[in-house]
Amino acid sequence: MSAGLNLVSQTINKPEPPKLSYVHCGEITAVSGSDHQWQVDNSYSALSGTGLMLTPCVGDKVSFIESKGQYYILQVLYRPDAEKPLSFETERDIDWQAPNVRFTVFDEMEFVSLNRISLMCKHGVMSMTNTLVTQAEHYIQKAAQLSITAKTLLRLNAKHQIITADEDVRIDGKRINMG
């Protein structure tokens, strides 16, 4: 019985987290790119909350709170200019983990990395209905078996070419021109 009363008294004496009195709404009126501060309603200087991935723009309607004398933008509620892109910016690493991720794009998709892009998977498929261009200073392909099929023309150009095989090299065609 006394153990039950002790548990109840611990629950009653447990400190409560501080309550925020208001969530404010306003319009982004200016931005200071150097310190990532946004001016809201020409009156409040606010930082973006860490969980806010969408970068606010001038004219956006946002919700924000005050905590210990600092304002933080929580959400972009509305962007009146439909022509402005939705931009996601952070100086921190992003790590997405999910059973499945799907991007569907109807016009263009671009991946840009100034250092490295890695794709790793058990099965991979790339399909283009028109043109695929790859350019590299060094291009290396490794496979247990490599099959290349061209419907009309397969052309390999180089200053020097080496074709080696441990056993057989087979060239088969209606005509074979060498030289």
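We did not get these values from a lab; they are worked out from the coordinates using the rules stated. All values derive from a computational prediction rather than experimental measurement. Virtual Cβ from ideal backbone geometry, glycine too; neighbours counted across all protein chains shown.
Confirm whether LEU119 is under 22 Å from THR55 (Cα atoms) and hydrophobic (A, V, I, L, M, F, W, C).
No: the conditions fail for LEU119.
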Quick check, is ILE117 exposed (fewer than 10 other Cβ atoms within 10 Å of the Cβ), more than 27 Å from the chain's Cα centre (by Cα) and in a loop (DSSP other than H, G, I, E, B)? no
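Here's the yes/no breakdown for (1) touching an Asp or Glu at 6+ places or on another chain (Cβ under 7 Å); (2) of a type in the set (S, T, N, Q); (3) in a loop (DSSP other than H, G, I, E, B):
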| position | (1), (2), (3) |
| --- | --- |
| ASN42 | no, yes, yes |
| ALA46 | no, no, no |
| PRO56 | no, no, yes |
| SER63 | no, yes, no |
| LEU74 | no, no, no |
| LEU77 | no, no, no |
| PRO80 | no, no, yes |
| GLU91 | no, no, yes |
| THR104 | no, yes, yes |
If the Cβ limit is 7 Å and pairs must be 6+ apart or interchain, which residue in region 41-54 that is within 10 Å of TYR71 (Cβ to Cβ) pairs with which residue that is in a loop (DSSP other than H, G, I, E, B)? LEU47/HIS36
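Could you identify the single residue in THR134, THR152, THR164 that is of a type in the set (Ser, Thr, Tyr), part of a loop (DSSP other than H, G, I, E, B) and under 32 Å from the mean Cα position of the chain (by Cα)? Don't jump to the end; show me each part of the working.
Working: THR152 fails: under 32 Å from the mean Cα position of the chain (by Cα); THR164 fails: under 32 Å from the mean Cα position of the chain (by Cα).
Of the residues listed, the single one that is of a type in the set (Ser, Thr, Tyr), part of a loop (DSSP other than H, G, I, E, B) and under 32 Å from the mean Cα position of the chain (by Cα) is THR134.
For ASP93, indicate whether it is among the acidic types (Asp, Glu), free of Cβ contacts under 8 Å to residues at least 12 places away in the same chain, over 30 Å from LYS151 (Cβ atoms) and loosely packed, with under 10 Cβ neighbours inside 10 Å. Talk me through it step by step, then tell me what you get.
Numbers: among the acidic types (Asp, Glu): yes; free of Cβ contacts under 8 Å to residues at least 12 places away in the same chain: yes; over 30 Å from LYS151 (Cβ atoms): yes; loosely packed, with under 10 Cβ neighbours inside 10 Å: yes.
It is true that ASP93 is among the acidic types (Asp, Glu), free of Cβ contacts under 8 Å to residues at least 12 places away in the same chain, over 30 Å from LYS151 (Cβ atoms) and loosely packed, with under 10 Cβ neighbours inside 10 Å.
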Across region 22-80, which residue is nearest to ILE94 (Cα to Cα) among those that are of a type in the set (Gly, Ala, Ser) and exposed (fewer than 13 other Cβ atoms within 10 Å of the Cβ)? GLY51
Test GLY124 against the criterion of being small (Gly, Ala, Ser) and more than 35 Å from the chain's Cα centre (by Cα), and give yes or no. no
Can you go through LEU86, LEU146 and tell me which one is surrounded by 10 or more Cβ atoms within 10 Å (Cβ to Cβ) and either farther than 30 Å from CYS57 by Cβ or free of Cβ contacts under 8 Å to residues at least 40 places away in the same chain (or both)? LEU86
